[in-house]
Amino acid sequence: MRPQRERPVTVPEGSGSPSGRVTIRDVARAAGVSRQTVTRAINGMSEISEETRQRVMRTVDELGYRPNRFAIDLSRQRTHAVGLIIGTFRNPYYAQLADSFVTELRRRDWQVVVGTADQGEAEAVRTMAAQADAIIGYFLDPAAEFAPAARGVPIIQLEERATLPGVHSVELDFQTGIRDLVTALRAKGARHFAMIDSSKPTSEGVAVGSPRRHFFEEAVGTECLVVAEPETIAGGVDGLRRLLAHDPKIDTVLAFNDLMAMGAVQGAHALGVDVPGKLRIVGVDGIALGEAISPTLTTLSLETHAVAAEAASILAELFASEPMPSASIRRVVTPVALWRESA
């Protein structure tokens with residue numbers, strides 16, 4: 001008798017989560033068993049036949065179902081693995097950010113895997129998804145480009161607001177932070193503002209003004225001079241020289257990040273300009289390295305410990321859910337001024 005070919009397993013229309021992730025209910029429906037039977041088969045538990053176990057696991061493979069490892073690890077009292085994707089190890093801000101996350105996540109007895117997106121954000125997400133239960137990261141590309149590579153592993157996006165199902169976010173409220181910073185600088189006597197912005201191109205390859213520049217110009221309320229430079233100490237040196245060559249009356253400069261602000265302080269020293277007597281210089285990041293220069297660097301701190309704590313609270317919410325919620329969970333952290341000697 002000719003053996004009968006098995007029909008391919010399909011997910012009924014309208015099933016699954018809004019994010020397109022296959023759920024345990026989809027597997028149970030396609031395999032013709034209960035959710036409890038699927039759980040037993042995946043976890044290698046008894047009370048089901050070998051034939052049923054094989055049918056369920058074949059369905060899992062064909063549908064591409066990825067079990068919620070949060071729930072599995074909890075039942076087995078195993079730790080969770082969290083992947084952290086940072087911009088680069090060359091910028092001390094990301095090292096400080098990683099340290100904050102390692103401290104926070106290990107406090108909760110979760111493992112941390114740290115990597116960069118040097119090979120491309122989608123590829124970094126794909127690689128991290130194979131070894132982590134959730135992914136946290138700084139991303140420049142639109143979420144639609146890197147999120148599918150996670151194959152259902154939840155992503156927490158830092159700084160920008162999440163808009164896709166399955167992608168969550170810890171946003172930085174730069175608008176409020178920069179507005180409060182400018183108000184405080186005015187109270188200290190600042191009148192002629194300028195900025196050294198980043199010349200780093202966007203994911204489309206075009207260099208445009210950063211959101212930080214937009215909020216700075218909005219807070220200043222009058223036209224202010226802006227130059228764009230690489231996000232390095234040398235970029236800060238060159239940026240300050242360009243600003244003062246164009247307008248010597250400038251008395252306050254905001255740099256895109258702390259490295260550029262440190263370069264601006266070096267540039268001021270080389271030009272014989274007193275900081276902060278003649279010129280106030282402020283960075284953005286809040287890195288500890290700002291205390292190693294003279295004068296020590298005033299900066300808009302991005303509160304890495306608060307960012308890590310908020311991301312962990314999102315993870316805890318995801319850990320407690322089965323299936324995991326697809327609607328974006330969002331938290332907000334407001335940067336605050338860290339006053340040192342340069343302003």
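One table, with the values for the structure above:
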{"read-out": "Hits in region 300-325 (condition: within 20 Å of the chain's Cα centre (by Cα) and among the polar types (S, T, N, Q))", "value": "Ser301, Thr304, Ser313"}
{"read-out": "Residue list for region 268-285, filter: β-branched (Val, Ile, Thr) and under 28 Å from the mean Cα position of the chain (by Cα)", "value": "Ile281, Val282, Val284"}
{"read-out": "Pick from region 51-77, criterion over 21 Å from Arg151 (Cα atoms) and either assigned by TED's automatic domain parsing to the domain that holds Ala327 or at pLDDT below 85 (or both), ranking: surrounded by the fewest Cβ atoms within 10 Å (Cβ to Cβ)", "value": "Gln77"}
{"read-out": "Criterion (touching a helix residue (DSSP H, G or I) at 6+ places or on another chain (Cβ under 9 Å) and not assigned by TED's automatic domain parsing to the domain that holds Val265) met by exactly one of Ile196, Ile135, Ile233, Ile178", "value": "Ile135"}
{"read-out": "Index of the failed condition, Ala288 passing every other in (1) within 25 Å of the chain's Cα centre (by Cα); (2) surrounded by 14 or more Cβ atoms within 10 Å (Cβ to Cβ)", "value": "(2)"}
{"read-out": "Lone qualifier among Gly236, Gly209, Gly177 - being over 23 Å from Lys278 (Cα atoms) and buried (at least 22 other Cβ atoms within 10 Å of the Cβ)", "value": "Gly177"}
{"read-out": "Index of the failed condition, Thr252 passing every other in (1) surrounded by 19 or more Cβ atoms within 10 Å (Cβ to Cβ); (2) within 30 Å of Glu145 (Cα to Cα); (3) among the hydroxyl-bearing types (Ser, Thr, Tyr)", "value": "(2)"}
{"read-out": "Verdict on Val307 being under 28 Å from Lys188 (Cα atoms) and either at pLDDT 95 or above or outside the structural domain of Glu159 (by TED's automatic domain parsing) (or both)", "value": "no"}
{"read-out": "Filter pass, Ala261 being buried (at least 17 other Cβ atoms within 10 Å of the Cβ) and in the same structural domain as Val102 (by TED's automatic domain parsing)", "value": "no"}
{"read-out": "Pair list, Cβ under 6 Å, 6 or more apart: region 229-253 residue under 15 Å from Ser210 (Cβ atoms), other residue polar (S, T, N, Q) and surrounded by 18 or more Cβ atoms within 10 Å (Cβ to Cβ)", "value": "Glu231/Ser198; Glu231/Asn257"}
{"read-out": "Arg331 out of contact with any Phe, Trp or Tyr (no Cβ under 9 Å at 6 or more places or on another chain), modelled with pLDDT of 95 or more and under 29 Å from Gly235 (Cα atoms)", "value": "no"}
{"read-out": "Test: residue in region 303-324 that is buried (at least 16 other Cβ atoms within 10 Å of the Cβ) and within 22 Å of Ala194 (Cβ to Cβ)", "value": "no"}
{"read-out": "Residue in region 100-122 that is in contact (Cβ under 8 Å) with a residue 40 or more places away in the chain, touching a Lys or Arg at 6+ places or on another chain (Cβ under 8 Å) and outside any helix (DSSP H, G or I) present", "value": "no"}
{"read-out": "Residue list for region 207-230, filter: acidic (Asp, Glu) and either under 13 Å from Ala255 (Cβ atoms) or not assigned by TED's automatic domain parsing to the domain that holds Met262 (or both)", "value": "Glu229"}
{"read-out": "Odd one out for Ala184 among (1) touching a Ser or Thr at 6+ places or on another chain (Cβ under 9 Å); (2) in the same structural domain as Ile233 (by TED's automatic domain parsing); (3) touching a residue at least 40 places away in the same chain (Cβ under 8 Å)", "value": "(1)"}
{"read-out": "Number of positions in region 212-229 that are surrounded by fewer than 16 Cβ atoms within 10 Å (Cβ to Cβ) and either part of a loop (DSSP other than H, G, I, E, B) or touching a Gly at 6+ places or on another chain (Cβ under 6 Å) (or both)", "value": "3"}
{"read-out": "Residue within region 148-169 that is in contact with a Phe, Trp or Tyr (Cβ under 8 Å, 6 or more places away or on another chain), crowded, with 19+ Cβ neighbours inside 10 Å and closer than 30 Å to Val275 by Cα present", "value": "no"}
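The values are calculated or read from the model by the stated rules, or taken from the named source; none is laboratory data. Quantities reported herein were computed from a predicted structural model and do not represent experimental measurements. Positions of Cβ are generated from backbone atoms using ideal geometry, with glycine treated the same way; all protein chains shown enter the neighbour counts.
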